[in-house]
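The values are calculated or read from the model by the stated rules, or taken from the named source; none is laboratory data. In this text the structure is predicted, and so the values were computed from the model without any measurement. With ideal geometry, Cβ positions are generated from the backbone for all residues, glycine too; neighbour counts draw on all protein chains shown. Remember, those area values only see protein heavy atoms, side chains included, never the ligands or the DNA or RNA. Shrake-Rupley method; radii C 1.70, N 1.55, O 1.52, S 1.80 Å.
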Amino acid sequence: MARTVTEGFPIKSFAGITIITNLLSSTSNYYSYESRNIKYIVMHYTGNSSDTAKANANYFHSGSRGASAHYFVDENTCYQSVALNNAAWAVGGTSHYKHKDCRNLNSVNIEMCCSGGHVVSKKTISNAAYLCAELCKHLDISAGNVDTYVLRHYDVWDKSCPAQWANDNSQGWADFKEMVKRILNGSEGLTVTQYEELKSEIAGLKKAIEEIKPKIYRYMDNNMPEWAKPTVQKLMDRGIISGVADNCLDLSNDLLRLIVINDRAGLYD
Ligand SMILES: [Zn+2]
């Protein structure tokens, strides 16, 4: 699956953000082509503590930087720096590729800007997901193919980029791809922000339920409080309590307290 791209600036806007194209990279920072076959979309972060799309576009606008990317996205804006028919210098520069196929020549590269502490904010990630989804549509990458054709720099070679997603089981990366798929499926009755809010509310509820769930002690193990063990042992030794069916004690916290109180009152002496 690959799409021949001749148009340099096919995406005009996404999620209400107009892509600005008046601060293009110097031609000394990328390979120029009339057209090229694009298969992959690769996600990056700028790695600066805090920066903007405009500042990055400006940096690459003049001089030989030895690197480049097609898009820079921050919380409110997006600059396209390199036309899509040209190959940005974004995932090259190593002889130790992790990915067997993705290279500068067949990829589109999106840089996410940082919002302080070298971290890409949720807002920027959400914007990047919408841009990524627009590019998927343009490149005929369906939701079912996102896992194959949307990559991190970290997947192409072992670079910690984007740093906050650069490990093999990154939840943030999985969430990002789910966001892109949801946008592509068009099945989102919720905006990404609403979805995130709902997700954190559900997580909060789960935690609250966990906290009010009555504690049941099934065995005399590390789980059982030390203060209860002598009494439970005593009653087990005398055959007064024993595990039912599969030898579980199934003592609730209240029951545990009650038998210990009784024991201390001398009822089992
Ligand atoms: Zn990168």
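Looking across segment 1-19, the residues that are part of a strand (DSSP E or B), surrounded by 12 or more Cβ atoms within 10 Å (Cβ to Cβ) and out of contact with any Ser or Thr (no Cβ under 8 Å at 6 or more places or on another chain) come down to ARG3, SER13, PHE14. Residues in segment 144-179 that are touching a residue at least 12 places away in the same chain (Cβ under 8 Å) and among the hydrophobic types (A, V, I, L, M, F, W, C): VAL146, VAL150, LEU151, VAL156, TRP157, CYS161, ALA163, TRP165, ALA166, TRP173, PHE176, MET179.
Just one of the numbered conditions (1) assigned to a loop (DSSP other than H, G, I, E, B); (2) open to solvent by less than 60 Å² (accessible area, probe 1.4 Å); (3) away from the ligand (no atom under 13 Å from the Cβ) is not true of ASN22: (2).
The strands (runs of 3 or more DSSP E) found entirely in segment 37-120 include none that carry 1 or more residues being within 14 Å of the ligand (Cβ to nearest atom), open to solvent by 50 Å² or more (accessible area, probe 1.4 Å) and not aromatic (Phe, Trp, Tyr). List the residue pairs whose Cβ atoms are under 8 Å apart, where the first residue sits in segment 97-111 and is more than 20 Å from ASN86 (Cβ to Cβ), the second is part of a loop (DSSP other than H, G, I, E, B) and not aliphatic (A, V, I, L, M), and the two are 6 or more positions apart or on different chains. Qualifying pairs under 8 Å: TYR97/ARG103; LYS98/ASP158. Of all residues in segment 147-180, those satisfying the criterion of being in a helix (DSSP H, G or I) and either more than 10 Å from the chain's Cα centre (by Cα) or within 10 Å of the ligand (Cβ to nearest atom) (or both) are ASP147, THR148, TYR149, HIS153, TYR154, ASP155, VAL156, ALA163, VAL180.
If you go through segment 40-94, how many residues are over 20 Å from the mean Cα position of the chain (by Cα), within 20 Å of ALA166 (Cβ to Cβ) and among the hydroxyl-bearing types (Ser, Thr, Tyr)? The number of residues fulfilling the criteria is 1. Between ALA90, ALA57, the distinction of being in contact (Cβ under 8 Å) with a residue 40 or more places away in the chain and assigned by TED's automatic domain parsing to the domain that holds SER35 belongs to ALA90 only.
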